[in-house]
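First the structure, in the form of structure tokens, and then the observations on it.
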Amino acid sequence: MKRIKNFLFYSFPAVLFFSYYPLLSLGSNASMNFEFSLPLIWLFCFALLSLKDFYDFLISLKSKKSPWILKLALLFPLYLSLSIVWSPNPLRAVLTSGIVWCIFISLAGFCSILKSKNLNLSLLKKVFLVSASLVCLFCWLQCFLDVFGVSRETTLLCLGCTSRIFGFPHPSGFAIEPQFMGNLLLAPTLYSIYLYTKTEQKVKKPNEKSIPLLLLFSSTLFLTFSRGAIYAFAVGLAVFLVVSLVKKLFPLSVALKTLALTLVAFLFALTAQGIFSELSSTNDTFSSGVAKSLNQLSLGIIDFRTTKIQSPEDTTEESVAESSVASSDDENPENPENFSVFDGYVEESTNFRLDLNAYALSASLDSLANFLFGYGLGSAGTVMFEKGFTSSPKEIVQNEYFSLLLETGLLGLLLFFAVLILFFYETKKSLGVSLEGIFLASLSVAFLITLSFFSGLPNALHLYLLPPLFLFSFQTRIGHKSKS
């Protein structure tokens, strides 16, 4: 059992990238699909093997020396479980609560392994970087295969990812959508930047061996075309560089070189999008592909387009994609010139997400009880559908903060922020003003920003497991150094 647990631990960074493929589907009901991905199966197995560690952790809380912040952190999953009682969707609530408890139990398992004598942090790091590199290469392969006419069934691209939508493909990897693939790349990209800027005190030179990883990870992140992930990366990078410079952890020249490498990666991805547009079966060209990309990423502010196609009204990327992939360009009489679906910024997609946020807020403010305690865990889709805001009870809020407010009320949202504050407190306490601490803070900030673009747990387990794993690993490494 111990060997299985260790195997699961060291395979964890690689497993995270397979958040949608392969997928075990067990059907659905009116409000949810019953699907089990590799990370979810991993989580259940690892949590099961970590029950004793979690039990030992709970016993340790009885001690007067036990930090009170650990006891406070457990109030969040306890409250989520309690909200099942008044949830209109109890099955979804039970499953969601179960995933949250598995996350907390797994964290106890992480601590147990990281305290063991046979710990191999270099192996964990290698698995993390190698798996991220291989998945990035697969993302680029997806794009090449798409522009040369290989079907979605083979490339695993999502409905709205093919070159028919913007003229160039944007990869989803083994995730359900590019936004999750881009999100998965935030940690390896920022970590590669941390490795690059981790200069030796004597020479004050960056680690040039990390440049290939930095370029590969960041260019692939830009290639996913996920605005949420790209914006979050920009903020995370800014936090990392600015705080590190203020604390004089590396010279200005290193920060400028980091920015230059990031810009090179962005220009490389932008050039690739132009080339893919030229090679695709649509009538797009290199210049139109580049112009569309800049227009979409800048929310319509940057506009170098020479021709503009009027997109259908009241549509999103996903809804148009569903109808557009049904037939090939050659067989579509309504598109004889092989136009791509969108000519630039898809304003409807942004507005739809903002509308969902407004619906969630409106439902939360229905009564004082709903505002304070929410409608119950797992209730978001059901509540918005019953109030006539959406056309399906499977629709989610696509913003974790508004989703928590709707389902668990202000109390649940405050408990969630309390856990975040405790995490940042522990990071500052144990890592101090170090490059490791600043990296972890910048990654956490980036992750928190991405929660404004989607909600849910199954496709985003990395958001809740990776930061604590980095923290525990850094603490362990510092502890080993102090003993030696």
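The values are calculated or read from the model by the stated rules, or taken from the named source; none is laboratory data. Just so it is clear, the structure is predicted and the values come from calculations on it, not from any experiment. Neighbour counts run over all protein chains shown; Cβ positions are idealised from the backbone, glycine included. Surface areas here come from the heavy atoms of the whole protein model, side chains and all, with no ligands, DNA or RNA. Shrake-Rupley method; radii C 1.70, N 1.55, O 1.52, S 1.80 Å.
Coordinate range of the alpha-carbon atoms in region 364-484 per principal axis, descending: 63, 27, 17 Å. In order along region 118-130, phi translates into HN-Hα couplings of 8, 4, 10, 5, 5, 5, 4, 5, 5, 4, 4, 6, 5 Hz, rounded to whole numbers, per the Karplus curve 6.51 cos²θ - 1.76 cosθ + 1.60 with θ = phi - 60° and x for Gly and Pro. Per residue, the convex hull around the alpha carbon atoms of the chain comes to 159 Å³.
For residue 86 and residue 234, a Förster radius of 30 Å and the Cβ-Cβ distance give a FRET efficiency of 0.15, rounded to the nearest 0.05. Ellipticity at 222 nm from helices only: DSSP H runs of n ≥ 4 in the chain, each -39500 (n - 2.57), divided by the residue count, give -21000 deg cm²/dmol. Centre-to-centre, using Cα atoms only, region 348-389 and region 243-274 are separated by 40 Å.
Label-to-label distance for residue 347 and residue 369 is 4.2 nm, based on points extended 7 Å past Cα in the beta-carbon direction. Close amide H pairs (under 5 Å, H built 1.01 Å from N) link residue 339 with 283, residues at least 5 positions away or on another chain. At an R0 of 22 angstrom, the distance between the Cβ atoms of residue 392 and residue 23 translates into a FRET efficiency of 0.60. With θ taken as phi - 60° and the Karplus curve 6.51 cos²θ - 1.76 cosθ + 1.60 applied, the whole-hertz 3J(HN,Hα) list for region 380-391 is 3, x, 5, 5, 5, 5, 5, 8, x, 7, 10, 9 Hz, x standing for glycine and proline. 3J(HN,Hα) couplings calculated from phi for region 374-379 with the Karplus curve 6.51 cos²θ - 1.76 cosθ + 1.60 (θ = phi - 60°) are, in sequence order, x, 8, x, 4, x, 9 Hz; Gly and Pro show x. Post the alpha-carbon centroid distance, region 182-240 to region 119-154, in whole angstrom. Centre-to-centre distance over Cα atoms comes out at 17 Å.
Applying Stokes-Einstein at 20 °C and 1.002 mPa s to the Kirkwood radius of region 402-473, computed over alpha-carbon pairs, gives a translational diffusion coefficient of 163 µm² s⁻¹. In the structure shown, the pairs 5/62; 52/115; 126/429 are assessed against 19 Å; a Cα-Cα span above that value is assigned to 5/62; 126/429. Projected label points at residue 126 and residue 421, each 7 Å from Cα along the beta carbon direction, are separated by 4.3 nanometres. For the pair residue 338/residue 55, report the inter-label distance in nm, with labels modelled 7 Å from Cα in the Cβ direction. In this crude label model, residue 338 to residue 55 measures out at 6.4 nm.
With all protein chains kept in place, the per residue accessible area of the chain amounts to 46 square angstrom at a probe of 1.4 angstrom.
When the solvent-accessible area of region 204-282 is split by element, carbon and sulfur atoms take up 74 percent of it, the probe being 1.4 Å.
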